[in-house]
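Following: one structure in structure tokens, then a few remarks.
The values are calculated or read from the model by the stated rules, or taken from the named source; none is laboratory data. What you see is a predicted model, and the numbers here were worked out from it, not measured in a lab. Note: ideal-geometry Cβ built from the backbone for every residue, glycine included; neighbour counts use all protein chains shown. Heads up: the accessible areas ignore ligands, DNA and RNA and are worked out on the full protein's heavy atoms, side chains in. Shrake-Rupley method; radii C 1.70, N 1.55, O 1.52, S 1.80 Å.
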Number of protein chains: 2
Amino acid sequence: MTAQAYETVIEEIESMIRSKRLKLGDRLEGERVLADRLGVSRTSVREAIRVLSTLGIIRSAPGSGPSAGAQVIADPEIALSASLRLHVAVDSLSVGDVIDARVMLESWAYRQLEQLPDDVLAPARELLDAMDATDDPVEFHHIDTQFHLELVRLAGNPLVNAIMSSLRASIESYVLDAAPHLEDWQAIAARLRAEHRAIVAAIGEGDGDRTASLAEGHILAFARDAGLIAQPG
Amino acid sequence: MTAQAYETVIEEIESMIRSKRLKLGDRLEGERVLADRLGVSRTSVREAIRVLSTLGIIRSAPGSGPSAGAQVIADPEIALSASLRLHVAVDSLSVGDVIDARVMLESWAYRQLEQLPDDVLAPARELLDAMDATDDPVEFHHIDTQFHLELVRLAGNPLVNAIMSSLRASIESYVLDAAPHLEDWQAIAARLRAEHRAIVAAIGEGDGDRTASLAEGHILAFARDAGLIAQPG
DNA sequence: AGGTATTGTGTGGTCCAACCACAGCCTAGT
DNA sequence: ACTAGGCTGTGGTTGGACCACACAATACCT
């Protein structure tokens, strides 16, 4: 079984990255040059670049000048989001699995926190105020997402951030579909706002365990309200 | 900004999946037919299929008969593994980040376990015996990987399984590179074997917290020995 | 009639040669 | 000195050709 042509191109590029001949921000050779050098067609080179592009490793743009060409980037979320979204769509992963994983990530993140400088919570508090200021469920949800991402970011693990972001993105459409069917949005929004403030307060007190516990209840309760997971019992 | 041709193909296929016109195991139309139907070139269709293939959604094979053609599959690991591996290579993610995430996953998985039927630990115990039977660090590591995956699998969350598997795969080359440089492999292997058995025993007792704690120490200690993360203090 | 080569057919895999759209650069003309 | 136009090289797209493959149907020989 000979490797497929586009695979040899990927291997070459990956090899250049591992050996540091290619670093973040560098530009690749042109597609035609690379094809010629590796003895494959431009089509195969393009397939390889397309793959690396969906993996968040390369970004390519037409035109000329500094912004053009294929460039090495580093966006781990691209592949994670796309993959999770599609696998939820084919029912290979369930929304419940994703929510459980999200609870795991957030609980972990909050337990990592300790003695933070006070001002690091300022962005989160601004998002709290923004959530107070809106009555639109969709806008509320978007700010809610930013809020949770902001808190997880405090743990400082970029991989966890990327996974967290991808998890939310993969089930966003399900959450938004469920929103209009909620019984009493005003009441639910009020509860979510209160829970958010309690979580921020717990972080401010440096109580990681309590924060994690609050977050778990907060996430699971809304998921039940939205019909995304079964009622307990 | 019009969507690129291959993106419209992906959207069409994703739409077919969401509307259940395409389910797991189904075969796609031929590339030529799909290209004609969507009014794009076969090249663009192929790029789309290649992307979905790296996302673990589609598998395609040449030839004829039941095994040929493009088929909807569900392998979440493909994209996760490839993406993580490359992002570690470009230093957009560090080995330490990956190890921390792995500790998070395993700790969570073990805390989920409760009152298991006794025989579910049989496969894990067999892997323990297999690890006893080898002196080769590389083979040991492979069985070690299977062992940890087997334990995490008991938690029953396929998404967590996929992430766990991908995390290990993404740093495997670093672990294997470090193996020959270990001071005293025999002593380390003996300690790993003992720790493994302690973990299995703790699971058998239904003590999730203790299992998680043992696993965390086990993982971090070896990572330090292998020079993958800094010494404490 | 049974088994065995052979051909046929449709699949994905690869390649080529052209052309398009784009964006910066450079030059000619004012 | 400035502006408008063309130049050049980038990725994006297309059509058509051919290959390797794997199965299915057929023809063939025994």
Residue count, segment A:1-20 (criterion: away from DNA strand C (no atom under 12 Å from the Cβ) and away from chain B (no Cβ under 12 Å)): 1
Residues being open to solvent by less than 10 Å² (accessible area, probe 1.4 Å), among the aliphatic types (A, V, I, L, M) and within 8 Å of chain B (Cβ to nearest Cβ) - total across segment A:85-103: 5
Among residues of segment A:1-19, those that are part of a loop (DSSP other than H, G, I, E, B), open to solvent by 70 Å² or more (accessible area, probe 1.4 Å) and modelled with pLDDT of 95 or more, counted: 1
Qualifying residue in segment A:112-131 (condition: modelled with pLDDT under 95, farther than 30 Å from residue B:99 by Cβ and buried (at least 17 other Cβ atoms within 10 Å of the Cβ)): no
Segment A:198-226, subset part of a helix (DSSP H, G or I) and open to solvent by 50 Å² or more (accessible area, probe 1.4 Å), residue farthest from residue A:110 (Cα to Cα): A:225
Search result, residues across segment B:56-81 that are touching a Leu at 6+ places or on another chain (Cβ under 6 Å), within 16 Å of residue B:23 (Cα to Cα) and away from DNA strand D (no atom under 15 Å from the Cβ): B:57, B:58, B:72, B:74
Residue in segment A:62-81 that is more than 22 Å from the chain's Cα centre (by Cα), open to solvent by 30 Å² or more (accessible area, probe 1.4 Å) and hydroxyl-bearing (Ser, Thr, Tyr) present: yes
Single match in A:52, A:34 (criterion: more than 30 Å from residue B:98 (Cα to Cα) and within 16 Å of DNA strand C (Cβ to nearest atom)): A:34
Answer from B:134, B:145 - the residue that is closer than 28 Å to residue A:100 by Cβ, hydroxyl-bearing (Ser, Thr, Tyr) and open to solvent by less than 90 Å² (accessible area, probe 1.4 Å): B:145
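Scan segment A:173-194 for residues that are among the charged types (D, E, K, R) and either assigned to a helix (DSSP H, G or I) or modelled with pLDDT of 95 or more (or both) and jot them down.
Those that are among the charged types (D, E, K, R) and either assigned to a helix (DSSP H, G or I) or modelled with pLDDT of 95 or more (or both): A:177, A:191, A:193.
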Failed item in (1) assigned to a helix (DSSP H, G or I); (2) of a type outside the set (Phe, Trp, Tyr); (3) within 10 Å of another protein chain (Cβ to nearest Cβ); (4) more than 14 Å from DNA strand C (Cβ to nearest atom), with residue B:23 passing the rest: (1)
Selection status of residue A:43, within 13 Å of DNA strand C (Cβ to nearest atom) and among the β-branched types (Val, Ile, Thr): yes
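Taking segment A:20-42 only, how many residues are more than 10 Å from DNA strand D (Cβ to nearest atom) and open to solvent by less than 60 Å² (accessible area, probe 1.4 Å)?
Looking only at that region, the number is 5.
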Count of segment A:61-81 residues which are touching a helix residue (DSSP H, G or I) at 6+ places or on another chain (Cβ under 6 Å) and not aliphatic (A, V, I, L, M): 3
Evaluation of residue B:112 against (1) within 20 Å of residue B:175 (Cα to Cα); (2) within 9 Å of chain A (Cβ to nearest Cβ) (one fails), failing number: (1)
Selection count where residues are free of Cβ contacts under 8 Å to residues at least 40 places away in the same chain, within 16 Å of residue A:145 (Cα to Cα) and open to solvent by less than 70 Å² (accessible area, probe 1.4 Å), scope segment A:174-187: 1
Search result, residues across segment A:32-68 that are in a loop (DSSP other than H, G, I, E, B), within 13 Å of chain B (Cβ to nearest Cβ) and of a type in the set (Val, Ile, Thr): A:57
Residue B:163 vs. criteria within 13 Å of another protein chain (Cβ to nearest Cβ), under 26 Å from residue A:96 (Cβ atoms) and either open to solvent by 30 Å² or more (accessible area, probe 1.4 Å) or assigned to a helix (DSSP H, G or I) (or both): yes
